[in-house]
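Everything on this sheet refers to the single structure shown next.
The values are calculated or read from the model by the stated rules, or taken from the named source; none is laboratory data. Note that the structure is a prediction, hence the values are computed from the model and not measured. Methodologically, a virtual Cβ is constructed for each residue, glycine included, from the backbone with ideal geometry; neighbour enumeration extends over all protein chains shown.
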Amino acid sequence: MVAELTRSPRVPRQGAAPGRRYGAPWILMYHSVADEEEDPYLLTVSPQRFAAQMRWLAGRGWRGVSMRELLAARAAGRRDRLVGLTFDDGYADFARHVVPVLRAYGFTATAYVVADRLGGDNGWDAEGPRKALLTVDQVCELAAAGWEIGSHGLSHRALPGLPAATLAAEVRDSRRVLQNLVGSPIGGFCYPYGAVDEPATLAVEEAGYDYAVAIGHSTLAGRFALPRCYVGDRDGAWRLRAKRGRHGLRDVVTELRRAGARGANR
């Protein structure tokens, strides 16, 4: 329940070094923040629940940041209890319901937008309500205000299995369109549907992105397939704690699998 997230915040122990236990960054994956009666894909979090989740993070000593800020901090050797906040699809409710809450806590975030669908809707969803997407003007305003804008492809197509030319266009052209739009480099890519394979990661790297986010842990996990933690409307305090623990455990398992694969190839 939302109530469990609104209790008095727990103050981190002095001298503790939270956030250093696991090697991989903790990255939360959101989509839409709105009041919806229909949510067949479980991609919508209510504004009340979202505010409570951010309150819980702040109370536990976490600071939500964009992927750009998170990766820069890690490159500088800092892992100061930072959690990545990412929002897929570029829904218009990001500007209405997300930005004000994050600003109140001094948090930042990354919004991944579909380059050819700005100002349209989520027509790729066969079921469920139509949701408005950020407009060109809103994307420019967000970028100018310091919010990180990333690419979610040109048309929200799953990348695995696409012909090489189409794959390159989805990845490369979406970056070009957005860079021309906001007037600054686009460093991040988010795989539509979380679908990723090796050709997709190579296409993203070759297109000049700094990183890419996926969903689950896999043997592809790395700079161009960073795993994320799904967050939904059912996620209260204990579920967020559990997800944090599982995220770290899966990271360890992934590293063990990689080590095994390296050993087998020697």
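Within the range 4-43, take every residue that is β-branched (Val, Ile, Thr) and touching a Gly at 6+ places or on another chain (Cβ under 8 Å) and give me the one that is modelled with the highest pLDDT. Spell out how you get there, then give the answer.
Start the filter on the range 4-43 by keeping residues that are β-branched (Val, Ile, Thr), which leaves 6, 11, 27, 33.
Narrowing the set further to residues that are touching a Gly at 6+ places or on another chain (Cβ under 8 Å) leaves 11, 27.
Details: Val11: 31, Ile27: 96.
Top of the filtered list is Ile27.
When the range 129-140 is examined, which residues are found to be in a helix (DSSP H, G or I) and touching a strand residue (DSSP E or B) at 6+ places or on another chain (Cβ under 8 Å)? Break it down into steps so the answer makes sense when it comes.
Our first condition is that a residue be in a helix (DSSP H, G or I); within the range 129-140, this holds for 136-140.
Of everything in the range 129-140, just one residue is in a helix (DSSP H, G or I) and touching a strand residue (DSSP E or B) at 6+ places or on another chain (Cβ under 8 Å), namely Val139.
Testing Arg223 on (1) assigned to a loop (DSSP other than H, G, I, E, B); (2) in contact with a Lys or Arg (Cβ under 9 Å, 6 or more places away or on another chain); (3) charged (D, E, K, R); (4) surrounded by fewer than 17 Cβ atoms within 10 Å (Cβ to Cβ), one condition comes back false. Which one is that?
(2)
Any idea which residue in the range 77-111 is nearest to Tyr191 (Cα to Cα), counting only those that are surrounded by fewer than 24 Cβ atoms within 10 Å (Cβ to Cβ) and touching a Gly at 6+ places or on another chain (Cβ under 6 Å)?
Val83
Kindly establish whether Val182 is at pLDDT 95 or above and either surrounded by 15 or more Cβ atoms within 10 Å (Cβ to Cβ) or under 20 Å from the mean Cα position of the chain (by Cα) (or both). Quick ask: steps written out before the conclusion?
Numbers: at pLDDT 95 or above: yes; either surrounded by 15 or more Cβ atoms within 10 Å (Cβ to Cβ) or under 20 Å from the mean Cα position of the chain (by Cα) (or both): yes.
The answer is yes for Val182.
A quick yes/no check of all residues on (1) within 24 Å of Glu38 (Cβ to Cβ); (2) assigned to a helix (DSSP H, G or I); (3) basic (Lys, Arg):
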residue	(1), (2), (3)
Arg68	no, yes, yes
Asp80	no, no, no
Thr86	yes, no, no
His97	yes, yes, no
Glu127	yes, no, no
